[in-house]
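The values are calculated or read from the model by the stated rules, or taken from the named source; none is laboratory data. Please read all numbers here as calculations on a predicted model, not as lab measurements. Counting neighbours? That spans all protein chains shown, and the Cβs are built from the backbone with ideal geometry, glycine included. For the accessible areas, the whole protein counts, side chains as well, though only heavy atoms, and no ligand, DNA or RNA atoms are used. Shrake-Rupley method; radii C 1.70, N 1.55, O 1.52, S 1.80 Å.
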Amino acid sequence: MLIFVAALMLTVPPQCTELPRNVTGWDQIGEGLDTRHATRLAARSGKAETQVTIRKAGTFGIAADQSGWIDVARGSGKPLRTASFGKAIACAGIAKIVYYRLEPGTYRVTVGKLQKPQVKLMLVYGDRGDGTRNQGFARRARVG
């Protein structure tokens, strides 16, 4: 019995006492990528795709609930270079966060190598590098 309880404790992620400010909307589901809520996308052949419109330049991250390859590209162009990687927040179910420096415009977000039939994503504010939070603005959009 004691072994069963110990094994159960290892498989259940710890509960978050408080989420970091930039992911406080992770528990809310809405339409499209946004900084105020997460969204769920169906994966087809291990890949999901959506769009996001950035209104003000800044560093933004894409948080995902599973490991996968996150690419952000302007229009149909090639993927942008990542600015940094964020830590997983296991207690919230966030497996990874990838940050990009984005200028105003519409971007295609592609998540590949997914193992589950759907992925949960959220747009998160990044860090300017000087310790202050990014104040960029985003408008949600959804593909297909």
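Quick notes on this one:
- Candidate lysines for bridging to K47, where Cα separation is under 25 Å - those fewer than 8 sequence places away on the same chain excluded: K78, K87, K96, K113, K116, K120
- For Q66, residues with placed amide H under 5 Å, excluding near neighbours: A95, K96, K120
- Accessible area (Å², 1.4 Å probe, nearest 10) - K113: 150 Å²
- Applying the Karplus relation 6.51 cos²θ - 1.76 cosθ + 1.60 with θ = phi - 60° to region 16-26 yields 3J(HN,Hα) values of 6, 7, 7, 7, x, 4, 6, 10, 5, x, 4 Hz, where x marks Gly and Pro.
- A cut-off of 5 Å between modelled amide H atoms, ignoring neighbours fewer than 5 places along the same chain, links G86 with I97, V98, Y99.
- Selection among N22, T59, L41 by position relative to the dipole of region 13-68 gives T59 as farthest towards the positive end (Cβ unit charges, Cα centre).
- Computed from point charges on the beta carbon alone (+1 for Lys and Arg, -1 for Asp and Glu), the dipole magnitude for region 6-112 about its Cα centre is near 420 Debye.
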